[in-house]
Amino acid sequence: MVAFNVTDTTQKFMRKGELTRAAILDVALNLASRDGLEGLTIGLLADKMNMSKSGVFAHFGSREDLQIEVLKLYHHHFEQEVFYPSMKEPRGLLRLQSMFSRWIKRVSVEIASGCIYISGATEYDDRPGAIREELVGMVRAWQDALHRCVQQAVEMGHLRADTDPQQLVFEMYGLILALHHDARFIKRPGSIDRAHLGFERLMQSYDAKLPDANGTPAANQHIKPAAKKSAQSV
């Protein structure tokens with residue numbers, strides 16, 4: 001009976017510690033979104049949590065460890081909101097459209113706070129270290145997912161056979177960066193609509209019905225009617 005009580009108490013203590021750590025990370029993510037990862041300090045976080053600095057440090061080995069955990073939490077949210085729901089769509093154009101549409105939706109929500117992928121790239125573009133490596137790995141993982149999706153759309157005949165997946169992903173990323181810049185920095189109205197329009201035109205330029213770069217008609221590679229309708233409604 002004594003052993004059971006000790007174990008039960010330990011489990012409750014661990015559960016409380018996990019909840020506290022999760023709460024700290026949630027606040028830290030909000031602060032990092034607003035002030036950047038470099039603006040995230042143990043002192044500021046302790047004040048927001050009404051904790052001592054040592055209390056915050058007890059959950060993270062260092063400030064760098066805290067920043068990396070914040071990055072991982074942000075990446076987790078991104079996957080849950082953008083990547084995994086899109087994987088439920090059929091392979092090809094519909095999935096690619098879903099990925100970009102959900103990506104825009106997330107960025108539009110972050111206009112007021114900021115996208116850590118984008119702000120982090122500015123903070124760490126010339127600063128080597130563990131945080132930069134973690135951030136680069138996450139961005140590359142997302143670009144690789146987009147690349148695979150584009151390749152599948154080509155293989156299924158939804159996009160032209162001569163489509164360069166890397167180029168298309170580059171252009172998609174450019175639309176997101178332009179959206180973030182104009183909507184957040186310049187605060188230009190209509191930026192979200194322009195991003196959607198830009199993607200629609202991009203898809204039209206890679207439409208399998210169009211001739212390839214050599215002027216050869218792309219026979220039997222038409223976009224399916226349902227996918228075409230979806231493309232026009234983005």
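The values are calculated or read from the model by the stated rules, or taken from the named source; none is laboratory data. Every value quoted in this text rests on a predicted model; they were computed, and no experiment measured them. Virtual Cβ from ideal backbone geometry, glycine too; neighbours counted across all protein chains shown.
Just wondering, is there one or more residues in the range 2-23 that are among the aliphatic types (A, V, I, L, M), surrounded by fewer than 14 Cβ atoms within 10 Å (Cβ to Cβ) and at pLDDT 90 or above? Full working, then the answer.
Of all residues in the range 2-23, those among the aliphatic types (A, V, I, L, M) come to 2-3, 6, 14, 19, 22-23.
Subsequent filtering for residues that are surrounded by fewer than 14 Cβ atoms within 10 Å (Cβ to Cβ) retains 2-3, 6, 14, 19, 22-23.
Still in the running and at pLDDT 90 or above: 22-23.
Yes: the range 2-23 contains one or more residues that are among the aliphatic types (A, V, I, L, M), surrounded by fewer than 14 Cβ atoms within 10 Å (Cβ to Cβ) and at pLDDT 90 or above.
In the same structural domain as residue 199 (by TED's automatic domain parsing), farther than 24 Å from residue 182 by Cα and in contact with a Gly (Cβ under 6 Å, 6 or more places away or on another chain): is that true of residue 153 in this structure? So residue 153 passes the test. Annotation note: Cβ proximity below 7 Å between a residue of the range 64-77 that is over 15 Å from residue 35 (Cβ atoms) and a residue that is exposed (fewer than 14 other Cβ atoms within 10 Å of the Cβ) (sequence gap 6+ or interchain) occurs for 64/130; 68/130. Screening the candidates 196, 180 for the property of being surrounded by 12 or more Cβ atoms within 10 Å (Cβ to Cβ), under 16 Å from the mean Cα position of the chain (by Cα) and assigned by TED's automatic domain parsing to the domain that holds residue 84 yields one hit, 180. In the range 114-130, the residues that are under 17 Å from residue 63 (Cβ atoms) reach residues that are in a loop (DSSP other than H, G, I, E, B) with C-beta atoms within less than 9 angstrom, at least six apart or across chains, in these pairs: 116/36; 116/110; 120/36; 123/36. When 139, 169, 150 are checked against the criterion of being surrounded by 14 or more Cβ atoms within 10 Å (Cβ to Cβ) and without any contact (Cβ under 8 Å) to a residue 24 or more places away in the chain, 139 stands alone in meeting it. I'm trying to understand the selection: among the residues of the range 34-51, which are of a type in the set (S, T, N, Q) and at pLDDT 90 or above? Scanning the range 34-51 gives a single hit, 50.
Looking at the range 37-50 only, could you name the residues that are touching a residue at least 24 places away in the same chain (Cβ under 8 Å) and crowded, with 17+ Cβ neighbours inside 10 Å? Steps first, answer last, please.
If we filter the range 37-50 for residues that are touching a residue at least 24 places away in the same chain (Cβ under 8 Å), which is where we start, we get 37-38, 40, 42, 49.
37, 40, 42 - these are the residues of the range 37-50 that are touching a residue at least 24 places away in the same chain (Cβ under 8 Å) and crowded, with 17+ Cβ neighbours inside 10 Å.
Counting only helices (runs of 4 or more DSSP H) that fall entirely inside the range 37-136 and contain at least 1 residues that are farther than 19 Å from residue 18 by Cα and under 16 Å from the mean Cα position of the chain (by Cα), the qualifying elements are 63-78, 93-109, 116-124. Remark: residue 154 matches the filter, which requires a residue to be in contact with a Pro (Cβ under 8 Å, 6 or more places away or on another chain) and either in a helix (DSSP H, G or I) or under 16 Å from residue 121 (Cβ atoms) (or both).
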